[in-house]
1. On a full-extension model of 0.36 nm per residue, what is the gain between GLU130 and LYS100, subtracting their alpha-carbon distance, rounded to one decimal in nm?
2. What would the Debye formula give as log10 I(q)/I(0) at q = 0.14, 0.16 Å⁻¹ for the alpha-carbon point model of the range 23-174, no solvent?
Amino acid sequence: MRRDELYHHGIKGMRWGIRKDRRSGATRLKTKKGKTFYLSKNNPGMLAKFIGSKFKNSSNFQNRSFDYTILDDRGSKIGNLFLYDEGNRSLNVNWVNINKKHRGNGYASEVMKNAVRFAKDNGYKKVTLEVPGESPDARHIYEKLGFKEVRKITDDDDVWEGLTAMELNLKHSDIRNDELCHSLIRNLNDKYIELGEKIVWKKVFY
């Protein structure tokens, strides 16, 4: 049996289907405590695709959504992440959740760091989110990443007991120094190639 496949068994051991290990092709992450876990992207199912083909609003929503399942090192589900492109180069963290028994291991922090990296890599200028009710643990994670409170959202019928809107503005200076250095070296290397000094330049920097 291939390692990336799990066989389903029915009555009397009848094999009725094959499910691929969702860790295959997923983004591999590691917490500060050394725990390995994965972000597996969920693609729209057949029904969602059919609805999207019939209704433009549904299709637009699917195209602007990024839905992930968070898996532990064995491939078991431990949470969810849902991101949404809200336009104007702004990415909304619509939902992030770690199952209760897996909290306190640093998963949420690494998931949020990855969401911010995703935003930077894809040209977003801002990341937004809403914190429900009194959630000091969640706010602590967001504030450590640089998120700032921008306003309170209240509603008479609000089941969340109020929301706190927070934002993280992504600036050019937020890009890691090693990425800037690599970009500078690559650009300078191109210039030296034009001058016929490619070999000398590679000896210095590579």
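1. 8.8 nm
2. Log-scaled intensity ratios, in q order: -0.78, -1.00.
Rule-based calculations on the coordinates, nothing more; no lab input. All values reported here derive from a predicted model rather than from experimental measurement.
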